[in-house]
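Structure record follows, encoded as structure tokens.
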Amino acid sequence: MKRFFKPIEKEGSAKKPSLSPSKNGAENGDALPEVDVKKVPLKFLTWNANSLLLRVKSNWPEFSNFVSNLDPDVIAIQEVRMPAAGSKGAPKKPGELKDDTSPSREEKQILMRALSSPPFGNYHVWWSLADTKYAGTALLVKKCLRPLKVSFSLDGTVSKHEPDGRVILAEFETLRILNTYAPNNGWKDEENSFQRRRKWDKRLLEFVVQSSDKPLIWCGDLNVSHEDIDVSHPEFFSAAKMNGYVPPNKEDCGQPGFTLAERKRFGAILKEGRLVDAYRYLHKEKDMECGFSWSGNPIGKYRGKRMRIDYFIVSEKLKERVAECEIHGKGIELEGFYGSDHCPVSLQLSEGCKEDK
């Protein structure tokens, strides 16, 4: 989502933890330790952290308590904003955290120590990272679960990562989980704005159509509000401009994430992929208090302006098993956002029938 907060402050150094970081996650293909418990994931959490390191430094006790109480099987995180491993000028390793400089080693230690502490020590972690502190995703899966495969691109190639680390796809016996951080549409018809988002949406459509052999749970910051009910102030967002610029195509006008072009493409992805918006499936009415996952800066013209752009999208064959789908933040003061401009969203499935397993 386009940011309206002041620039993130410089991430200063913190006291170096005494606990050396261990590799808490692995690329697909690395052996996972044997586990006694085997089950299908039923509870899921997604959250755009808006810099995971900053959240660890500033909001971790509260978020850890939230996760402990919710106890999800899978946690999908977007906007990790940690750089991929690899020295300057060398090929990057987007599945690993950078640690070739003193500052990066310290930051990795801080982050990995947090992810080794309860409740996060109960999870395996997979990363897909950008070259710099930008974008990036992480997927945490309980150690009692064993994905059949984890990949990092929409074409399912294990060794290939999407640019900026925007995709992690985990396949289980009875379903797939897709964690994505969709690129922001931007304000102009440029390569890194409208054109990039059009290409992304086209590839997503191709992916969901070609992946219909197994039920899908697609989650993350999808950077689109599908209907008027999904924003607090539809007229405000429809008329939004950047420095007075008006795109030549009327369908591209308005707030990124709420242009008619984006909304139409998102609707086509749902229709062609036979997918259901889990939150809207259960919550038919507009909720001005708890119905939005992103909130604008509490100071300025975006105060109180909110959007639902973080989703759980499920295959139609799973919709009858959607027991709960909740947005965990509320109000214009960002309660339950844990320092981010996005709040967590959760999904609970009921047990499937034996023939579905």
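The values are calculated or read from the model by the stated rules, or taken from the named source; none is laboratory data. If you're wondering where the values come from, they're calculated on a predicted model, not measured in any experiment. In case anyone asks, the SASA skips ligands and DNA or RNA and just uses the protein heavy atoms, side chains included. Shrake-Rupley method; radii C 1.70, N 1.55, O 1.52, S 1.80 Å.
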Checklist entry - When the solvent-accessible surface of protein heavy atoms is calculated with a 1.4 angstrom probe, in what order do D341, D189 fall, highest first? => result D189, D341
Next on the checklist: For the chain, give me the percentage of DSSP beta bridges that are antiparallel, rounded to the nearest 5 percent.
Outcome noted: 75 percent
Checklist entry - Going from the alpha-carbon gyration tensor of segment 236-357, what semi-axes, largest first and in whole Å, does one get by taking the root of 5 times each eigenvalue? => result 30, 21, 9
Next on the checklist: Averaging the inverse of every distinct alpha carbon separation and then flipping it gives the Kirkwood radius. What is it for segment 105-200, in angstrom units?
Outcome noted: 15.0 Å
Item to check | Accessible carbon and sulfur surface of segment 43-349 relative to its total accessible area, %, 1.4 Å | outcome: 49 percent
Next on the checklist: Per residue of segment 297-314, what does 6.51 cos²θ - 1.76 cosθ + 1.60 with θ = phi - 60° give for ³J(HN,Hα)? Whole Hz please, x for Gly and Pro, Karplus curve as stated.
Outcome noted: 3, x, 10, x, 5, 8, 4, x, 8, 9, 9, 9, 10, 10, 9, 10, 10, 10
Next on the checklist: How big is segment 193-301 along each principal axis, measuring the range of its Cα positions in Å and listing the largest first?
Outcome noted: 47, 34, 19
Next on the checklist: Rolling a 1.4 Å sphere over the protein heavy atoms, what is the accessible area per residue of segment 43-349, to the nearest Å²?
Outcome noted: 39 Å²
Checklist entry - So what J values fall out for segment 145-158 if you push phi through Karplus, 6.51 cos²θ - 1.76 cosθ + 1.60 with θ = phi - 60°, rounded to Hz, Gly and Pro as x? => result 10, 10, x, 5, 7, 10, 10, 9, 8, 6, 9, x, 6, 5
Checklist outcome for this item: Rounded to the nearest 5, the percent of antiparallel DSSP beta bridges in segment 36-144 equals 70 percent
